[in-house]
Amino acid sequence: MNSQNTPIHIRLWHHDFWRMAIANLLLTMAVYILVPTLPQWLLQTQSFTFQETGLSMGVFGVGLFTFGGFVSFLVQHYRRNTVCLVAVLAMIGLFGLIYYAGLESGFYAELSLMLLQRFALGACFGLAQMVLASTLIIDVSESYQRTEANYAASWFGRFALSLGPLTGLLLLRFAGFQTVLLAAGLLAAAALLLVFLVNFPFRAPQDDIPIVSLDRFFLPHGVPLFLNLQLVMLAVGLLFSLSLPEQFYAMMMVGFLMAILAQRFVFRDAELKSEVVTGLILMGAALLMMLTRTQQIVGYAAPAFVGFGVGIIGSRFLLFFIKLSRHCKRGTSQSTFMLGWESGIAWGLGLGYALFEGEQTPVLLTALGLVLTSLLLYNFVHNWFVSNKNR
């Protein structure tokens with residue numbers, strides 16, 4: 001049976017690993033806290049059109065790729081934790097820029113300024129995440145624990161998909177958008193502090209590293225997995241473009257916790273293909289429920305299904321990327337996964353606002369079509385993966 005399971009090593013969970021995993025959670029929350037709240041501010045306070053709002057949310061996904069080609073050069077010629085700290089510090093400054101805009105009504109009357117800010121935020125977040133996931137988390141783990149370290153730390157980032165929007169909506173309701181922006185800056189600052197507290201040993205730089213390369217950036221060998229993952233996350237981004245209540249994101253977190261338990265007990269010795277197929281079926285069922293049913297139970301079951309599906313799909317695709325890469329390309333596989341995940345959500349958000357203007361039925365139908373397409377494509381991608389994996 002072609003099954004796969006990730007073991008648990010209690011020694012992995014030392015102080016430095018906890019700091020890095022929580023830093024990943026807080027940094028990702030700082031970005032996702034704006035997912036449901038920034039569009040409301042743009043539409044209601046800044047009088048942006050839906051198309052302008054969609055562009056502002058989608059350009060974040062373009063920015064993610066900006067520094068990717070330079071990551072290997074940067075971490076070899078400068079202290080790798082310093083590169084991450086500078087990127088996070090720049091994010092804090094960009095959050096402060098939006099905070100100032102909240103104080104000065106009309107500051108972002110020009111669309112070009114908002115696009116520049118969102119693009120820069122995506123670029124800095126992408127750089128910080130590439131260094132954090134592809135280098136720093138690996139550096140604080142023993143060699144035999146690195147797959148588990150990547151697997152566990154990615155779950156902390158995945159939790160932000162629920163906790164970030166939930167926190168943002170609650171703060172927006174009770175304290176206003178300026179408090180949301182302040183919280184985003186504080187979350188990023190807390191992540192910066194946690195990374196700063198970890199002592200990384202000095203490593204002599206290599207002299208033969210080109211300024212631009214695909215190392216620690218993108219794994220060309222993983223393009224089929226990348227495209228399949230993007231289709232799934234486009235559907236999630238489209239779903240997030242709807243006006244969803246706090247309850248939706250809270251129940252997504254329940255789904256994530258259920259997914260962790262299922263991976264340990266239900267899918268432990270199951271056929272390798274079963275997790276992604278199950279996740280996509282549950283996501284499709286959730287979208288169908290939201291399309292055709294109005295009972296109160298749907299408000300609890302549908303987001304739990306989405307969280308469960310996204311959780312097991314994300315963790316399994318991450319392990320696929322790791323096993324597809326050679327030993328020296330582990331960091332590159334992490335960055336490729338992150339880019340597919342984050343850009344898919346950003347572009348789905350952008351399309352949801354720009355094309356459908358928050359209309360529920362066309363958004364859900366399109367998301368359902370993407371999930372079904374992903375399910376059909378995965379049948380081919382899985383066979384390709386089994387034939388091409390290196391581990």
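The values are calculated or read from the model by the stated rules, or taken from the named source; none is laboratory data. On a predicted model such as this, the values are computed, not experimentally measured, just so you know. Ideal geometry is used to build each Cβ from the backbone, glycine not excepted, and the neighbour counts take in all protein chains shown. SASA here: full protein model, heavy atoms, side chains in, ligands and nucleic acids out. Shrake-Rupley method; radii C 1.70, N 1.55, O 1.52, S 1.80 Å.
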Inset, instruction - Report yes if Thr278 is among the β-branched types (Val, Ile, Thr) and outside any helix (DSSP H, G or I), otherwise no. - result: no
Inset, instruction - Taking Thr66 as the residue in question, decide whether it is at pLDDT 90 or above, over 20 Å from Val180 (Cα atoms), of a type in the set (Val, Ile, Thr) and assigned to a loop (DSSP other than H, G, I, E, B). - result: yes
Legend entry - Search result, residues across segment 348-357 that are open to solvent by 30 Å² or more (accessible area, probe 1.4 Å) and either closer than 17 Å to Leu291 by Cβ or not in a helix (DSSP H, G or I) (or both): Phe356, Glu357
Legend entry - Number of the condition not met by Pro220 [criteria: (1) open to solvent by 20 Å² or more (accessible area, probe 1.4 Å); (2) within 30 Å of Cys328 (Cβ to Cβ); (3) in contact with a helix residue (DSSP H, G or I) (Cβ under 6 Å, 6 or more places away or on another chain)]: (3)
Legend entry - Candidate set from segment 323-354 (those that are more than 18 Å from Thr66 (Cβ to Cβ) and hydroxyl-bearing (Ser, Thr, Tyr)); member that is modelled with the lowest pLDDT: Ser325
Inset, instruction - With the condition kept exactly as written, say whether any residue in segment 2-18 is modelled with pLDDT of 90 or more, crowded, with 23+ Cβ neighbours inside 10 Å and out of contact with any strand residue (DSSP E or B) (no Cβ under 7 Å at 6 or more places or on another chain). - result: no
Legend entry - Qualifying position, being at pLDDT 95 or above and either surrounded by 15 or more Cβ atoms within 10 Å (Cβ to Cβ) or not aliphatic (A, V, I, L, M) (or both), among Phe240, Phe265: Phe240
Legend entry - Unique residue being surrounded by fewer than 24 Cβ atoms within 10 Å (Cβ to Cβ), farther than 19 Å from Phe177 by Cβ and at pLDDT 85 or above when the list is Leu127, Leu89, Leu132: Leu89
Inset, instruction - Would you point out which residue out of Phe217, Phe159 is modelled with pLDDT of 95 or more, under 24 Å from Gly344 (Cα atoms) and of a type outside the set (D, E, K, R)? - result: Phe159
Legend entry - Options Ser72, Ser141, Ser105; residue that is modelled with pLDDT under 95, outside any helix (DSSP H, G or I), over 17 Å from the mean Cα position of the chain (by Cα) and closer than 29 Å to Arg330 by Cβ: Ser141
Inset, instruction - Residue by residue through segment 268-288, note down the ones that are in contact (Cβ under 8 Å) with a residue 40 or more places away in the chain, under 22 Å from Gln360 (Cβ atoms) and surrounded by fewer than 18 Cβ atoms within 10 Å (Cβ to Cβ). - result: Ile281, Leu288
Inset, instruction - With respect to Thr82, determine if the residue is under 20 Å from Leu355 (Cα atoms), free of Cβ contacts under 8 Å to residues at least 24 places away in the same chain, open to solvent by 40 Å² or more (accessible area, probe 1.4 Å) and among the β-branched types (Val, Ile, Thr). - result: no
Inset, instruction - Tell me, yes or no, whether segment 302-309 has at least one residue that is within 30 Å of Gly122 (Cβ to Cβ) and open to solvent by 40 Å² or more (accessible area, probe 1.4 Å). - result: yes
Legend entry - Residue list for segment 139-159, filter: among the β-branched types (Val, Ile, Thr) and surrounded by fewer than 20 Cβ atoms within 10 Å (Cβ to Cβ): Thr147
Inset, instruction - Inspect segment 89-102 for any residue being β-branched (Val, Ile, Thr) and either within 24 Å of Leu193 (Cβ to Cβ) or in contact with a Ser or Thr (Cβ under 8 Å, 6 or more places away or on another chain) (or both) and give the result as yes or no. - result: yes
Inset, instruction - Could you look through segment 337-391, keep only residues that are in contact (Cβ under 8 Å) with a residue 24 or more places away in the chain and of a type in the set (Asp, Glu), and pick out the one that is farthest from Tyr144 (Cα to Cα)? - result: Glu357
